[in-house]
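J.: A single structure is presented below for examination.
Throughout, read-outs are computed from the coordinates displayed, never taken from laboratory work. As the structure is a computational prediction, the values presented were derived from the model and not from experiment. Cβ: placed from backbone, ideal geometry, glycine included. Neighbour counts: every protein chain shown.
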Amino acid sequence: MLLVLLVGSIALQIWAWRRLRGRVVAGDVTRFGGVVRYGGWAFAPLLLYVGFFFGLVGLEELSGAAIIPEPVGRATLPVAALLLGVALLGSLSFSILCALFWRVPRVKA
């Protein structure tokens, strides 16, 4: 499960990088807008994972049944830290790339 989550997170960032870099270079999106949008895509897997985990914890508390296995509960913090590190590294790299664009063409009206 961890490998699928990590590969999916990286694949999502690659897709967002390619898409937003082209839109920033073309002038469809401002540099700041591109960085904010990339950050949203980069942090989405982390937010979904943590939200899903807390949702299961809530269901577990309401039902009184053990839904989350012990190894998954223990691995949540390291997995969340790994996803946070990948998202921060990608966001920092993309913001540096956007800062290095010398000339961004303007949209012609």
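J.: Among GLY85, VAL24, GLY39, whose Cα lies farthest out toward the positive end of the dipole of the chain, if unit charges sit on the beta carbon of Lys, Arg (+1) and Asp, Glu (-1)?
T.: My answer, from the dipole projection, is VAL24.
J.: Can you tell me the dipole magnitude for the chain around its Cα centre, using point charges on the Cβ only (Lys, Arg +1; Asp, Glu -1), in Debye to the nearest 20?
T.: Taking the Cα centre of the chain as origin, the dipole is about 1000 debye.
J.: Moving on to the next point. Within 10 Å, at most 12 other Cβ atoms, and a DSSP state outside H, G, I, E, B define an exposed site. Report the longest part of the chain free of exposed chymotrypsin sites (Phe, Trp or Tyr not before Pro).
T.: Longest stretch, sites excluded: 1-100.
J.: Could you work out [θ]222 nm for the chain from helices alone, using -39500 (n - 2.57) per DSSP H run of at least four and dividing by all its residues? Round to the nearest 500 deg cm²/dmol.
T.: When only DSSP H runs of four or more count, the value is -29000 deg cm²/dmol.
J.: Further question on the same structure: Going by the alpha-carbon gyration tensor, a ≥ b ≥ c the square roots of its eigenvalues, is the stretch 28-96 rounded (a/c under 1.5) or, if a/c is not under 1.5, prolate (a/b greater than b/c) versus oblate?
T.: It is oblate, given that a/c is not under 1.5 and a/b is not larger than b/c.
J.: On to the next question. Only Cα pairs within less than 10 Å get springs; with that Gaussian network setup on the chain, which residue of LEU59, LEU12, LEU82 has the largest fluctuation?
T.: So, out of LEU59, LEU12, LEU82, the one fluctuating most is LEU59.
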